[in-house]
Amino acid sequence: MEAQRSQFAIKFLPSLTDFAFLLPIAFLFGRMDGVQTLLSDCDTGWHIRTGDWMVANHVVPTHDVFSFSKPNGVWYAWEWLSDLIFSGLNHMGGLRLVVILSLLLLCATFTLLFRLAARHANRVIAIVITVLAVASSSVHWLARPHLFTLLFLVLFFSWLERVRSGQSRIGGIPYFVFLPVVMVLWTNLHGGFIVGILMVAVYGAGETLTVAFSADSAVRHAAARRALAWFGTVLACLAASLLNPYGWRLHVHLFEYLRDPYASQHISEFLTLSFHHPAAIFFEALLLAGALAAFWYGSQGKFIESLLLLMFAHAGLLAARNIPLFAIVSTPLVAAAVTAWLERLPHFEVAAWLRRVATRFNQLAAKTDTTDRIPRWHLVSAFGFLFVVMVLFAQNPPKQFRAEYDPKSYPADAVEVLRQDPSARVFTHDEWGDYLIWRLYPKEKVFVDGRSDFYGDDFENKYIDVLNVKNGWQQILDGFGVNTILLPPSVPLAGVLKENSRWRAVYDDGVALIFRSVPSAAGKPSSAVLKGSGAGRDREVTKTSASDQTITRNQPTRSETQ
């Protein structure tokens with residue numbers, strides 16, 4: 001009876017699973033800027049407006065609806081399903097609900113990641129490595145559709161490992177059927193679906209290496225059968241990914257975009273992480289552990305683990321946006337390796353004190369693991385998340401809980417000035433272009449925004465030339481009929497415009513400057529003839545062009561009126 005009461009009481013206590021769920025919240029509000037971090041990139045704004053456009057027009061866009069520089073240009077809205085979700089949430093509760101979904105995706109991702117790591121590792125070690133993964137991945141926490149890819153990557157990894165362990169079905173459905181079905185959903189939520197296909201391919205490649213290097217013929221034959229099954233799943237997932245509004249053209253477009261040097265040279269999330277970044281120390285630790293684990297797995301003939309670690313480590317070193325992917329893939333593999341190392345350490349020829357410490361740790365970890373596996377009700381997780389939601393919806397929440405774009409970083413007041421001039425053709429940098437879409441669309445259109453895959457490298461290089469005041473910058477602006485320029489004071493172009501007789505500063509609030517061309521300031525509108533096509537890598541999808549109807553709402557959301 002006492003044992004039963006004790007078991008019942010434990011159900012109310014927090015577990016390491018609760019800790020894993022609350023880790024993103026702790027990092028976001030303890031070490032970072034809270035909601036302001038999730039909204040530190042205004043791409044969320046154009047994603048919401050894309051969803052608004054689809055709701056109004058009842059079709060997925062194939063041509064641009066936001067810019068005056070590439071009017072009606074071919075556009076792949078390849079996150080269209082996420083855009084619809086974001087739009088619906090914004091319509092119901094403003095940016096608060098978008099933030100809540102984003103935070104919930106992060107919490108769910110790392111909870112599932114910890115559970116996956118705990119399958120083959122001691123839970124104490126699994127939670128320590130999960131902490132490293134959370135801290136490392138925080139370099140790319142934004143309220144954007146890529147958070148769906150993080151969640152689906154964990155799910156795919158978990159399912160693939162279940163197949164390796166001999167579980168062939170989920171809910172009666174074979175995994176080799178279930179995975180392609182899920183791939184359809186992933187494809188339409190975010191372009192990161194390619195990562196899932198590559199992961200399955202790595203499983204096939206690992207089995208192929210076993211065929212090549214194993215001396216046991218029975219092992220080789222079994223590995224060959226598994227390799228064929230994995231590669232068959234790759235083809236099935238690839239075929240499933242064609243079920244999107246753009247078909248195979250989406251894959252060609254993504255390939256062209258990823259091989260374009262512009263992104264790797266000018267977009268911060270595509271650059272290698274600076275190792276002076278506060279989160280770099282966590283990434284370094286995980287990277288070192290991953291390298292050791294890759295060598296250890298390879299020495300045991302476990303090629304799938306080694307290939308996964310090496311491939312995703314390479315991706316993480318290439319671009320900061322890939323670090324969360326490496327963190328997710330490496331966590332279960334590193335946790336399992338560290339558990340095995342610590343269990344073997346007392347038997348090695350090392351210092352006696354080190355063997356004693358390892359033995360004691362293993363004993364305590366084993367006891368903790370046993371206790372933690374007792375089922376819980378996870379009330380701490382539920383109440384912790386509910387508390388965050390309540391503060392977000394408070395009438396005057398602390399700054400870290402305000403679901404709004406920081407007026408010290410975005411031209412909130414300047415936009416009200418621009419709203420009064422419907423003839424303005426505004427040039428600004430891409431991040432503020434996103435903000436203009438969020439605040440002014442559909443009444444105003446933009447010169448450029450964060451959709452670098454849409455604008456193309458030729459156009460983007462011209463845009464960079466203007467910002468850096470390269471030779472011919474004025475001609476580029478004239479070619480697109482720009483009569484208004486919106487910039488932060490720190491941009492080189494802003495200083496040049498102050499001394500240029502063709503432009504006049506008409507607004508300055510310390511955050512943003514507005515310049516108007518002199519003819520426009522005098523009441524004579526400048527030419528709007530488009531001499532530049534802005535042609536880039538985009539390919540024609542269809543001859544049919546959807547009309548851009550006005551987005552209608554009965555009432556604006558609160559976030560739009562703030």
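Read-outs: derived from the displayed coordinates by stated rules, not from any lab. Being a predicted model, the structure only gives us computed values, none of them experimental. Glycine also receives a Cβ, built like all others from the backbone with ideal geometry; neighbour counts cover every protein chain displayed.
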What nm value, rounded to one decimal, do you get for the distance between S423 and V128 when each label is placed 7 Å out toward the C-beta?
6.9 nm
Charge-dipole axis of the chain as Lys and Arg at +1 and Asp and Glu at -1 on Cβ define it, positive-most pick from V466, F348, Y405:
F348
Charge tally in the Cβ shell below 13 Å around P407, where Lys, Arg are +1 and Asp, Glu are -1, P407 excluded:
-1
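Multiplying the sequence separation of V511 and L258 by 0.36 nm and subtracting their Cα-Cα distance, what value in nm do you get? Write out the running numbers ahead of the final one.
Numbers: separation 253, 0.36 × 253 = 91.08 nm, distance 3.35 nm.
Contour length minus the Cα-Cα distance gives 87.7 nm.
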Rounded to the nearest 0.05, what FRET efficiency do L235 and S214 give with R0 = 25 Å and r taken as the Cβ-Cβ distance? Could you check?
0.50
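If packing is taken as the mean number of other Cβ atoms within 10 Å per residue, what is the order of 402-410, 170-178, 307-315, highest first?
The most tightly packed comes first, giving 307-315, 402-410, 170-178.
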Among F231, F86, T339, which residue has its Cα furthest toward the positive end of the charge dipole of the chain, with +1 on Lys/Arg Cβ and -1 on Asp/Glu Cβ?
T339
Answer with a single label: of (1) 92, 56, 41; (2) 72, 59, 45; (3) 85, 54, 47, which was calculated as Cα extents along the principal axes in Å from the structure in view?
(3)
Note: I170 to E343 extended length (0.36 nm per residue) minus current alpha-carbon separation gives 59.0 nm
Estimated 222 nm signal from helices in the chain, with DSSP H stretches of n ≥ 4 weighted -39500 (n - 2.57), rounded to 500
-19500 deg cm²/dmol
When only alpha-carbon atoms are used, what values of Rg and Dmax, in angstrom, describe the range 349-405?
21.6, 63
Label point distance in nm, A9-L318, each placed 7 Å from Cα along Cα→Cβ:
5.5 nm
Rounded D (µm²/s) - the range 234-368, Kirkwood Rh over Cα pairs, Stokes-Einstein at 10 °C, 1.306 mPa s:
88 µm²/s
What's the magnitude of the charge dipole for the chain around its Cα centre, counting Lys and Arg as +1 and Asp and Glu as -1 at the beta-carbon? Answer in Debye, nearest 20.
1220 debye
Rounded if a/c is under 1.5, else prolate if a/b is larger than b/c, else oblate: which is the range 109-193, with a ≥ b ≥ c the root eigenvalues of its Cα gyration tensor?
oblate
For helix 379-392, what angle does its Cα long axis make with the longest principal axis of the chain, in degrees from 0 to 90 and rounded to 10?
10 degrees
Can you tell me the equivalent ellipsoid semi-axes for the range 448-501? Use √(5λ) from the Cα gyration tensor, largest first, whole Å.
20, 13, 10
At q = 0.17 Å⁻¹, base-10 log of I(q)/I(0) for the range 58-101 (Debye sum, equal scatterers on each alpha carbon):
-0.59
Given 10 Å bins starting at zero, what is the percent of C-alpha pairs of the range 1-124 in each, up to the one with the largest pair distance?
11, 28, 25, 19, 11, 5, 1, 0
Report the one residue of M54, P492, F152 whose Cα lies farthest in the direction of the positive end of the charge dipole of the chain (charges on C-beta: Lys and Arg +1, Asp and Glu -1; origin at the Cα centre).
F152
At q = 0.11, 0.13, 0.15 Å⁻¹, what is the log10 ratio I(q)/I(0) for the range 148-259, with the Debye formula run over Cα points and no solvent?
-0.38, -0.52, -0.67
Extension gain S268-W248, at 0.36 nm per residue separation less the Cα-Cα distance, in nm?
4.3 nm
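Output the peptides 444-455, 227-238 sorted from most to least packed, where packing is the average of other Cβ atoms within 10 Å over each peptide's residues.
Those peptides, ordered most packed to least, come out 444-455, 227-238.
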Degrees, to the nearest 10: 16-30 long Cα axis against longest axis of the chain
30 degrees
Inter-probe distance in nm under a simple model that places probes 7 Å from Cα toward Cβ, at A352 and E284:
3.6 nm
Ranked packing of 299-305, 286-292, most packed first, by mean Cβ within 10 Å
286-292, 299-305
